[in-house]
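Working notes, structure below.
Laboratory data are not the source of any read-out in this text; all were calculated from the coordinates shown. Everything numeric here is computed off the predicted structure, so don't read it as measured data. All Cβ positions, glycine included, derive from the backbone under ideal geometry; neighbour counts span all protein chains shown.
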Amino acid sequence: MNFFREKSCEEILREIKEGNKITLARAISLIENREPRGTEILKRAYHYTGNSTVIGITGSPGAGKSTLVDKLTGEIRKRDKTVAIIAVDPTSPFSGGAILGDRLRMQRHSTDEGVFIRSMATRGNLGGLASSTDDVIVLLDAAGFDFIIVETVGVGQDEVDIVKSAHISIVVLVPGMGDDIQAIKAGIMEIGDIFVINKSDRDGVTKLEQEINVLLMLSAKKEEELPQIVKTVALTGKGVDKLFEIILEKKNKLSQSTKFLRYHKELLKEKLIRHIKEKLFEKFSNELKFNLEVEINKIIENRESPYEIAEEKISLFLGERNEQ
């Protein structure tokens, strides 16, 4: 990017820490596009992390997650705390960009210096998160935001990757939308630290709350505290203040929790393995001039199996390196 041509990574990072949103936005683009410069910025940024609280908000489409994020952002700003929002949207099949435009729903915060909003496309990534979400969280943490809210794309019970990125995971459910015990018992129900029953002015709230409670009691371990359930009407802001108070309680307990320390260690382990895999595949592809489309076509045409191709290419890659 020409914008960064004359600037060192240290200068870019300094501008980000000073609150320059244009520099921050363009650095995020470098990270999303997997540019080498983005990686260099991340390497330096990581040493300034560890101060933000990451809140993940997930749930079914139509649960009102964006409205809830909007009102929660307002509640955070009332306490004079800064907040960055990552709104993960589905990918446009034409441009590869985000298509829902959550920023439009949060327009009232767009001129607030204490708020930064970024939409990110999943680009086909499963699990409800964009593949570079973790890296963007690192940069936002280094930028000094008190809270980072990650709103996932909303794909149902497969949407569990948020637990790998967030300190506090919030599952948003709505009465009368099929979120009964059968629909929510797997996957997504196991990741929640807080359960929000949004649109709680509708019929069926009591039934849904009872079902969540039963499920949580059945799956809970003796030493674990049950997640709390909060009723909200995000459209009017009802219950959002109580939700934020519970978030603050959870935040204060994090630093004292041995469970959190173990969890943090697992997150770092996953991050390290992921980066090693990415770098190895990048080197593998470059050295062998590996064309994924060509190899996939061989499999489709039944000329070769994925096992044969993988073994052949790995042997070639390792053989070439042994000769060097």
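A few notes on this one:
- This ranking places K279, K250, K7 by how few other beta-carbon atoms lie within 10 Å of each, fewest first, which gives K279, K7, K250.
- Computed from the C-beta positions of E311 and T49, the FRET efficiency with R₀ = 35 Å rounds to 0.35.
- Fewest-first sequence of D193, D241, D203 by Cβ atoms within 10 Å of each Cβ: D203, D241, D193
- Of K164/K277; K164/K289; K7/K265, those spanning more than 29 Å from alpha-carbon to alpha-carbon: K164/K289; K7/K265
- Fewest-first ordering of I229, I57, I28 by other beta carbons within 10 Å of each residue's beta carbon gives I229, I28, I57.
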